[in-house]
1. Do you know which residues across the range 47-73 are in a loop (DSSP other than H, G, I, E, B), loosely packed, with under 14 Cβ neighbours inside 10 Å and at pLDDT 90 or above?
2. With respect to L86, determine if the residue is surrounded by 11 or more Cβ atoms within 10 Å (Cβ to Cβ), at pLDDT 90 or above and touching a strand residue (DSSP E or B) at 6+ places or on another chain (Cβ under 9 Å).
3. Which of the residues belonging to the range 74-88 are farther than 21 Å from S34 by Cβ and in a helix (DSSP H, G or I)?
4. Can you list residue pairs whose Cβ atoms sit under 7 Å apart, with the first residue in the range 52-80 being among the hydroxyl-bearing types (S, T, Y) and the second being exposed (fewer than 13 other Cβ atoms within 10 Å of the Cβ)? Count only pairs 6 or more apart in sequence or on different chains.
5. Can you find a residue that is over 12 Å from the mean Cα position of the chain (by Cα), within 23 Å of A92 (Cβ to Cβ) and not hydrophobic (A, V, I, L, M, F, W, C) anywhere in the range 37-51?
6. Evaluate the range 26-44: report whether one residue or more is in contact with a Gly (Cβ under 7 Å, 6 or more places away or on another chain) and either modelled with pLDDT under 85 or assigned to a helix (DSSP H, G or I) (or both).
Amino acid sequence: MVDRTADATLVARCCHSSLAPPPLPPELLAERRSAPCLVATGRHDVFLPPQRLGPAARRHLGARLHVMDNARHLMLDESPGEVVALVARALASAYGDAA
């Protein structure tokens, strides 16, 4: 794996996209709180760091944050096996053997 930490950090600190979607309406977030939800980020994610994403996930979705130790922002590229295992555990927890 090529270490792109410096590149990602530079982009995160210097670029602000105007293409980011607006926040979801509070009514919609409240409606979704009863649905099983998985929120994850990489420990070294400079775009959505755990200390920023965790409180938002709890506050808006009632969800606990899972932090992947060996990942940054592109978890599917950096740790695909861990992402698959995490989703499988979440589905099994939410739906049992039917998952």
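1. D69
2. Numbers: surrounded by 11 or more Cβ atoms within 10 Å (Cβ to Cβ): yes; at pLDDT 90 or above: yes; touching a strand residue (DSSP E or B) at 6+ places or on another chain (Cβ under 9 Å): yes.
Considered against the rule, which asks whether it is surrounded by 11 or more Cβ atoms within 10 Å (Cβ to Cβ), at pLDDT 90 or above and touching a strand residue (DSSP E or B) at 6+ places or on another chain (Cβ under 9 Å), L86 comes out as yes.
3. Within the range 74-88, the subset farther than 21 Å from S34 by Cβ is 74-86, 88.
Result: M75, L76, D77, E78, P80, G81, E82, V83, V84, A85, L86, A88.
4. The qualifying pairs are S79/N70.
5. No, the conditions are met nowhere in the range 37-51.
6. Initially, the range 26-44 is screened for residues in contact with a Gly (Cβ under 7 Å, 6 or more places away or on another chain), giving 33.
With the extra rule that they be either modelled with pLDDT under 85 or assigned to a helix (DSSP H, G or I) (or both), the set shrinks to 33.
There is at least one residue in the range 26-44 that is in contact with a Gly (Cβ under 7 Å, 6 or more places away or on another chain) and either modelled with pLDDT under 85 or assigned to a helix (DSSP H, G or I) (or both).
The values are calculated or read from the model by the stated rules, or taken from the named source; none is laboratory data. Worth saying up front: this structure is predicted, and the values here are computed from it rather than measured. Using ideal geometry, Cβ is built from the backbone for each residue, glycine included, and neighbour counts are taken over all protein chains shown.
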